Amino acid sequence: MIGIACRSIWIAAMILCGFTILGSFLVTVIYNSTVDVIAAAQRGMLEAKLIKLLDSSYYDNHIINYYIEVLEPEWLGTEQPVKIYSALKKGQPVALFATPIAPDGYNGPIQILVGIHIDGTISGVRVLNHKETPGLSDGIDEEKSNWILGFTGRSIQNPSPDRWYLKKDGGAFDQYTGATITQRAIVRATSKFLEYFKSHREQLFTVKSAENE
Amino acid sequence: MSKTSYQTILRDGLWTRNTGLVTMLGLCPLLAVSNNVVNSFGLGLATTLVLLVSNVTIALMRDLLRPEVRIPVFVILIASVVTTVELVMHAFLPGLYTILGIFIPLIVTNCCVIWRAEVFASRRCNVLASGVDGIATGLGFTFCLVLIGALREVLGQGTLLSHAELLFGDAGKFLTLHLFEGYRGFILAVLPCGAFIGLGCLIAIKNSLDTHSERWM
């Protein structure tokens with residue numbers, strides 16, 4: 001009796017094991033054959049947003065391939081390393097792009113893209129990923145409203161640091177109704193990044209971004 | 001058990017025991033993703049693909065299965081198929097993948113997949129019938145998703161097929177219909193409660209259609 005039970009267990013385990021190997025095989029093969037395509041697709045999506053923030057006459061490198069990675073949870077809102085991309089003209093930096101996180105969105109973190117010219121003015125801010133309420137807070141998407149364009153041309157001195165808030169909070173930035181928390185999070189993340197940029201400017205521009213393939 | 005005709009399999013999957021409207025399996029992605037037609041259609045197709053592949057695989061492997069390890073094997077197979085679909089989608093439809101996000105991996109826990117594996121694919125001998133059953137169930141789910149998606153999109157934003165380019169490439173952009181000029185939107189339809197109300201209305205419509213057709217027959 002015990003012998004038969006042992007045999008059944010053994011057979012059942014072998015069947016399960018066989019299917020586990022089959023499943024792992026399938027998943028591994030597909031993973032390995034799509035990993036490069038996925039990375040390329042992600043870079044392509046970022047690049048498509050990035051090149052819209054800087055006129056192509058300003059730079060002559062392939063921006064997406066020139067980056068350094070920095071780990072600054074305090075400033076950039078994430079425990080993960082953030083890539084900072086450099087736009088170069090004849091080998092000299094002209095602008096940089098970063099993808100910091102606004103950790104305090106209404107429904108979780110919001111990833112933004114900030115472009116800054118070498119003189120410290122913003123070339124543009126865009127939202128990359130968010131989980132905010134559709135219909136209410138998605139006015140932060142450039143396709144839905146032009147609120148996010150209000151950052152273009154600003155800098156840490158324009159408006160002055162004590163006015164880097166929504167109008168509602170005594171600051172200089174317009175808001176639309178119904179999404180204060182979302183917009184507040186984005187303004188805060190942008191101003192934090194500008195402060196970070198100000199205090200680490202030398203480092204960000206002098207550390208030469210190697211071309212990463 | 002008598003042989004089921006393909007016609008019956010199709011009618012069952014699409015209408016009589018529609019996953020969304022009758023058996024109510026897989027409501028989580030159904031309600032969460034159905035805020036416009038394109039999202040609905042994308043998730044519907046992904047689910048259909050998973051159902052097809054998992055049903056066919058399980059029908060093929062049926063003789064190797066033993067009752068005691070049946071469910072673990074289903075779970076392994078379904079999870080592998082879903083992971084495959086997820087990776088392929090991430091690679092080739094990155095825009096849509098970004099929107100559907102977590103709901104693709106969650107197809108693993110969509111009860112309708114394991115339900116079909118358990119009651120159909122693992123019981124009947126015919127591989128082809130299992131494949132047809134997978135497609136029928138998937139299309140029934142897609143049909144329900146797209147209906148709710150269309151309802152919520154029209155009421156919520158006054159458009160149909162917005163972001164069609166995510167599914168069909170740049171050529172899809174012209175498919176977007178703006179039904180009302182200057183429509184201000186109806187937030188209730190876009191929010192999750194709109195999904196519940198929409199689903200409730202569809203179920204009511206389906207039931208009343210069924211009642212009427214019975215009366216006439």
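Descriptive notes on the structure:
- Restricting region A:123-170 to residues that are at pLDDT below 85 and touching a Lys or Arg at 6+ places or on another chain (Cβ under 7 Å), the residue that is nearest to the other protein chains (Cβ to nearest Cβ): A:ASP138
- Considering residues of region A:14-28 that are within 8 Å of chain B (Cβ to nearest Cβ) and within 14 Å of B:ILE71 (Cα to Cα) only, the residue surrounded by the fewest Cβ atoms within 10 Å (Cβ to Cβ): A:THR20
- Sole residue being crowded, with 18+ Cβ neighbours inside 10 Å and at positive phi, chosen from A:GLY124, A:GLY105, A:GLY139, A:GLY91: A:GLY124
- Single condition A:TYR31 does not satisfy, out of (1) surrounded by 19 or more Cβ atoms within 10 Å (Cβ to Cβ); (2) within 9 Å of chain B (Cβ to nearest Cβ); (3) of a type in the set (Phe, Trp, Tyr): (1)
- All of A:TYR67, A:TYR58 fail the test of being more than 16 Å from A:LEU204 (Cβ to Cβ), assigned by TED's automatic domain parsing to the domain that holds A:ILE112 and hydroxyl-bearing (Ser, Thr, Tyr), apart from A:TYR58.
- Qualifying residue in region B:63-72 (condition: within 11 Å of another protein chain (Cβ to nearest Cβ), more than 19 Å from B:GLU153 (Cα to Cα), part of a helix (DSSP H, G or I) and touching a Gly at 6+ places or on another chain (Cβ under 6 Å)): no
- Exclusive hit being assigned to a helix (DSSP H, G or I), in contact with a helix residue (DSSP H, G or I) (Cβ under 9 Å, 6 or more places away or on another chain), modelled with pLDDT under 85 and farther than 24 Å from B:LEU27 by Cα, set B:GLY185, B:GLY172: B:GLY172
- Test: residue in region B:46-57 that is under 27 Å from B:GLU153 (Cβ atoms), without any contact (Cβ under 8 Å) to a residue 24 or more places away in the chain and small (Gly, Ala, Ser): no
The values are calculated or read from the model by the stated rules, or taken from the named source; none is laboratory data. All figures in this text were calculated on a predicted structure; none of them were measured in a lab. Backbone-built Cβ (ideal geometry, glycine too); neighbour counts: all protein chains shown.
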